[in-house]
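Trainee: Mind looking over this structure? Questions follow.
No lab work stands behind these numbers, since they all come straight from the coordinates. Bear in mind the structure is a predicted one, so any value in this text is a computation, not a measurement. Heads up, the Cβs are rebuilt from the backbone with ideal geometry, glycines too, and the neighbour counts pull from every protein chain shown.
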Amino acid sequence: DAGVTQSPTHLIKTRGQQVTLRCSPKSGHDTVSWYQQALGQGPQFIFQYYEEEERQRGNFPDRFSGHQFPNYSSELNVNALLLGDSALYLCASSSLGLAGSGANVLTFGAGSRLTVL
Amino acid sequence: GIQVEQSPPDLILQEGANSTLRCNFSDSVNNLQWFHQNPWGQLINLFYIPSGTKQNGRLSATTVATERYSLLYISSSQTTDSGVYFCAVGNTPLVFGKGTRLSVIA
């Protein structure tokens, strides 16, 4: 059973460029959340997608946008990259359709490490 | 929003030693998870434990929801236990603490 898969694993961009990160959720999961983890910090919530809509958003600017596809996979787009966007971007999946505690448990991918020069 | 504090921030152990990591949170929650982040960045879910006690091998966790804290116990530590341990609480979003960085020395 495949877990959460993310691509690419590493990438380097320059300031002002745009980047797209991709995530495939764990089999059976229908919800995708994105987190940004700066060096030495805990992950910070960016947004969550369910039924192809942004369900909730953290304190991130509009340069961060996303999309969820009918097969539940998701993309994170970041425009006009800044040096401060350098971080590990983590995708997590869960299933809001599960009853009880199952809906709350997040499974994380290995992340996409973005370096902005 | 919910505040999550973890202690200690750093911990160095000799292989075979036991340790206790603590997580305090500011509001009542019905979701609390412990994660281990390995050196490659992968977050591994250790426990889903909004209340009560669970054990998995050398690891166990206890959450006292009424007093807003959770403890993660690691017994007979091994070098492979090294990494950062995160406590995360809440629903959407799941709010993470800053983690405890554990180094186990052979």
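Trainee: Hey, got the average number of other protein chain Cβ atoms within 10 angstrom for residues in B:88-99?
Mentor: The shielding value for this peptide is 6.
Trainee: Could I ask something else about it? Need one number: nm distance between label points at A:Ile12 and A:Leu82, each 7 Å from Cα along Cα→Cβ, rounded to one decimal.
Mentor: Going by the 7 Å Cα→Cβ label model, 2.3 nm.
Trainee: With all distinct Cα pairs included, what does the Kirkwood hydrodynamic radius of the stretch A:1-80 come out to in Å, to one decimal, could you say?
Mentor: Kirkwood radius, the stretch A:1-80: 13.4 Å.
Trainee: Which whole-number percent is the relative contact order of chain B (Cα, under 8 Å, 6+ apart)?
Mentor: Relative contact order, chain B: 38 percent.
Trainee: Hey, got the average number of other protein chain Cβ atoms within 10 angstrom for residues in B:44-51?
Mentor: Working: counts 2, 5, 0, 1, 5, 1, 2, 0.
Rounded to a whole number, the mean comes out at 2.
Trainee: Compare the peptides B:1-13, B:20-32 by average per-residue count of other Cβ atoms within 10 angstrom and give them in order, highest first.
Mentor: B:20-32, B:1-13
Trainee: Let me know the charge dipole size of the stretch B:4-105 about its Cα centre in debye, to the nearest 20, where only the beta-carbon of Lys, Arg (+1) and Asp, Glu (-1) is charged.
Mentor: Value, rounded to 20: 80 debye.
Trainee: Sticking with this structure for a sec: With all pairs of different alpha carbon atoms counted, what Kirkwood hydrodynamic radius in Å does the protein assembly as shown show?
Mentor: Evaluated on the protein assembly as shown, it is 17.9 Å.
Trainee: While we're on this one: Rounded to the nearest 5, what % of the DSSP beta bridges within the stretch B:4-105 are antiparallel ones?
Mentor: 90 percent
Trainee: Something else about it: Which distance in Å, rounded to a whole number, links the C-alpha centroids of the stretch A:4-47 and the stretch B:1-74?
Mentor: Going from one Cα centre to the other spans 24 Å.
Trainee: For peptide A:104-111, what's the mean number of Cβ atoms from other chains within 10 Å of each residue's Cβ?
Mentor: Mean shielding count: 6.
Trainee: Could you sort the peptides A:21-33, A:45-57 by per-residue average Cβ neighbour count (10 Å cutoff), highest mean leading?
Mentor: A:21-33, A:45-57
Trainee: While we're here: What distance in nm separates the two pseudo spin-label positions at B:Ile2 and A:Glu52, each 7 Å out from Cα along the beta-carbon direction?
Mentor: In this crude spin-label approximation the distance works out to 3.1 nm.
Trainee: Could you size up the charge dipole of the protein assembly as shown around its Cα centre, putting +1 on the beta carbon of Lys and Arg and -1 on that of Asp and Glu, and report it in debye to the nearest 20?
Mentor: Value, rounded to 20: 360 debye.
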